[in-house]
Amino acid sequence: MLSKITSCSVLGIDGCLIQVEVDVTNGLPMFSTVGLPDSTVRESKDRVKAAIKNCGYQFPVRKITVNLAPADIRKEGAGFDLPIAIGILEATEILVQRRAGCYCLVGELSLDGGVHKVNGLLPMILAARTHGLQGIIIPKENSDEAGIVPEGIDIIPVSTLQQAVEFLAGMDVAVPLGSTTLQEMNSRPPDDIDFSDIKGQQHVKRALEIAASGGHNILLTGPPGSGKTMLARRFSTILPEMTYNEILETTKIYSVAGKTSGKNLLLTTRPFRAPHHTISDAGLIGGGSVPQPGEVSLAHNGVLFLDELPEFKKHVLEVLRQPIEDGEVTIARANMTLTFPARFMLITAMNPCPCGFLGDGRNRCNCSETDIKRYTGKISGPLLDRIDLHLEVAALNYQEMSNKAHGESSKIIKARVDRARAIQEKRFTDDPGIYCNSRMGSKLVEKYCLLDQKSSELLEKSVRRLGLSARAYHRILKMARTIADMADTGQIQQAHVAEAVQFCRISHHF
Ligand SMILES: [Zn+2]
């Protein structure tokens, strides 16, 4: 007899439904799976057999064929154990389904019949809901992750094969999960870092506020101990709240990467990722034989911080260009192409010179001009061109360090950032894909960054004096637009241009 069970797999960060067909016929006892299963799926035979037996059901001594369809989709992971076992029990009429409606099943089985956690559950639930299924039977271990899907689908957590069988047979053994509302999710206390922790550094804080307001990428240059990392870590606390869709999208990525445990369960605060400079390009961009999201995707909707920028391998930095431009990464494999979202704000940091003390004032720099050139030259020009805001962070002097007064809190700064973002949201309503000033292409810059006579003269003079490129010219205009938005003025003024010019290119070594 043939039985058909619905299950789900993940492609990139999206779930796709898989039909698990199980055929049990008379013949020599054998158990084969077809439909491009990877090695984990093949190994599932042993687990399924043991689980069925150990739950006290009879395992058929007949010819079993399992087909996973559609055949052209790659299937990975152990999540098909549960649907295959249920299919076998149904094909041998041990299980007669009495539930109305169609249920999707996912779960890995242990030999004793326990149902265990799978990665990527959240996208699977969303896919099952999109396809109008009645419900989804999931491992109980995943139930926290399932809790953020709003109504529209029944979520049935089970911890054993037996519970799944009994539920499908019509018994009320498992309690469907309720859904969590957005408000409940946001009630999580924020991480205990705040801008008020930072002493002095007024102009740096102002620059970070500009960056947050307009979505501009940042390069921080400063000696060791000047607090570059501390500043970067606090940056996400002044970014706007995540929207429900952003939360769902980012959590999907963590779900696929198997990182939704404990504290990272629901990504309601913007992620902050700070990979070490020894990272490989696969680690940064994503990859592996079963493609996994990389750091750029784990930073999606949040902040990617690259400290010691010149220490990163050049080709690793070069792969950053696609996500910075497109907000996503494409990973090509022999039989498929996957896309992971990767829209992040980039903060980079470096020392001003190899020893770190150039321009420090307290310590002497021993680097030669050539050393410095070689050091800064490691950063590729195209990457620098995509960083709007270049900023020098000085070491704090004694007076600043001993100052006990707290600075402005993240909350106050964030409220201003929110206002500036609201202006941009309105501006770009008719420009799909653009949500902040930094994303403007040259056409939009021409449209929205008009200068009056005086500002225009100032900019021209600066460009000539500093020898700036056309790209730098556009970056200044975009930043000036942001600064004007922060002042809530439609017309960009001379002072806005003057401030933007400061952040354009701080080091003459680039
Ligand atoms: Zn030096």
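Residues to consider are Ile483, Ile506; find the one that is at pLDDT 90 or above, among the aliphatic types (A, V, I, L, M) and either outside any helix (DSSP H, G or I) or in contact with a His (Cβ under 8 Å, 6 or more places away or on another chain) (or both).
The match here is Ile483.
Residue by residue through the range 359-370, note down the ones that are open to solvent by less than 60 Å² (accessible area, probe 1.4 Å) and within 7 Å of the ligand (Cβ to nearest atom).
Within the range 359-370, Cys365, Cys367 qualify.
Of a type outside the set (Val, Ile, Thr) and open to solvent by 60 Å² or more (accessible area, probe 1.4 Å): is that true of Lys117 in this structure?
yes
What are the pairs with Cβ atoms under 7 angstrom where one residue, in the range 212-232, is open to solvent by less than 10 Å² (accessible area, probe 1.4 Å) and of a type in the set (Gly, Ala, Ser) and the other, located anywhere, is in a strand (DSSP E or B) and modelled with pLDDT under 90? Sequence gap at least six, or different chains.
Within 7 Å, the pairs are Gly222/Glu392.
In this structure, does Met479 turn out to be among the hydrophobic types (A, V, I, L, M, F, W, C), closer than 24 Å to Glu241 by Cα, open to solvent by 10 Å² or more (accessible area, probe 1.4 Å) and touching a helix residue (DSSP H, G or I) at 6+ places or on another chain (Cβ under 7 Å)?
It is false that Met479 is among the hydrophobic types (A, V, I, L, M, F, W, C), closer than 24 Å to Glu241 by Cα, open to solvent by 10 Å² or more (accessible area, probe 1.4 Å) and touching a helix residue (DSSP H, G or I) at 6+ places or on another chain (Cβ under 7 Å).
Please enumerate the residues belonging to the range 382-394 that are part of a loop (DSSP other than H, G, I, E, B) and either of a type in the set (S, T, N, Q) or away from the ligand (no atom under 16 Å from the Cβ) (or both).
Arg386, Ile387, Asp388 - these are the residues of the range 382-394 that are part of a loop (DSSP other than H, G, I, E, B) and either of a type in the set (S, T, N, Q) or away from the ligand (no atom under 16 Å from the Cβ) (or both).
Can Ile379 be described as more than 16 Å from the ligand (Cβ to nearest atom), surrounded by 12 or more Cβ atoms within 10 Å (Cβ to Cβ) and at pLDDT below 90?
yes
Give me the residue from the range 386-401 that is open to solvent by 40 Å² or more (accessible area, probe 1.4 Å) and not small (Gly, Ala, Ser) and, out of that set, modelled with the highest pLDDT.
Checked the range 386-401; the qualifying residue modelled with the highest pLDDT is Glu392.
Residues checked against (1) of a type outside the set (Ser, Thr, Tyr); (2) at pLDDT 90 or above; (3) at positive phi:
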site	(1), (2), (3)
Gly258	yes, no, yes
Ser261	no, no, no
Thr268	no, no, no
Ala274	yes, yes, no
Asp281	yes, no, no
Ile285	yes, yes, no
Pro293	yes, yes, no
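Condition check ((1) surrounded by fewer than 22 Cβ atoms within 10 Å (Cβ to Cβ); (2) among the aliphatic types (A, V, I, L, M)) across all residues:
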{"site": "Gly302", "(1), (2)": "no, no"}
{"site": "Glu308", "(1), (2)": "yes, no"}
{"site": "Glu311", "(1), (2)": "yes, no"}
{"site": "His315", "(1), (2)": "yes, no"}
{"site": "Val319", "(1), (2)": "yes, yes"}
{"site": "Gln322", "(1), (2)": "yes, no"}
{"site": "Gly327", "(1), (2)": "yes, no"}
{"site": "Arg333", "(1), (2)": "yes, no"}
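The values are calculated or read from the model by the stated rules, or taken from the named source; none is laboratory data. All of these numbers come straight from a predicted model, not from anything done at the bench. Neighbour counts are summed over all protein chains in view; Cβ atoms, including those assigned to glycine, are modelled from backbone coordinates with ideal geometry. What goes into the accessible areas is simple: the full protein's heavy atoms, side chains included, and nothing from ligands, DNA or RNA. Shrake-Rupley method; radii C 1.70, N 1.55, O 1.52, S 1.80 Å.
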